[in-house]
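Chemist: If you scroll down you'll find the structure; I have some questions about it.
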Amino acid sequence: LNFHNPTASEERLLHQAIQNSKLDRARPKDGKLDVPWAPTFYPTIEEMEGNPLHFVEKIRPIAQRYGICKIVPPDGWSPPFCK
């Protein structure tokens, strides 16, 4: 991963995102939130081997339209960073 020193604009956006995440949002009385639909991906073990971020880059054009997605790892897959 390549990291850079954030610009002043990026720092302001990050600070605002942190403040927004701390806001107390009122939940409906039934406790359920209205979560919008998002795509779910089911990669194969082959697609997840090596660097899983390659798969994320592959699906990014689709997932980015929704702002969120779900990736269900294949049965038997063991993340390389958990070995």
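The values are calculated or read from the model by the stated rules, or taken from the named source; none is laboratory data. These numbers come from a predicted model, not from an experiment. In this analysis, Cβ positions are derived from the backbone assuming ideal geometry, glycine residues included, and neighbour counts consider all displayed protein chains.
Chemist: Out of all the residues in the range 37-52, is one or more in a helix (DSSP H, G or I), exposed (fewer than 11 other Cβ atoms within 10 Å of the Cβ) and at pLDDT 85 or above? Full working, then the answer.
Modeler: From the range 37-52, those in a helix (DSSP H, G or I) are 45-48, 52; that's our starting set.
Filter again for exposed (fewer than 11 other Cβ atoms within 10 Å of the Cβ), leaving 46.
Next cut, at pLDDT 85 or above only: 46.
The answer is yes; a qualifying residue exists.
Chemist: Of G31, G67, G76, which residue is on the phi > 0 side of the Ramachandran plot and at pLDDT below 85?
Modeler: Going through G31, G67, G76 in turn, the sole match is G31.
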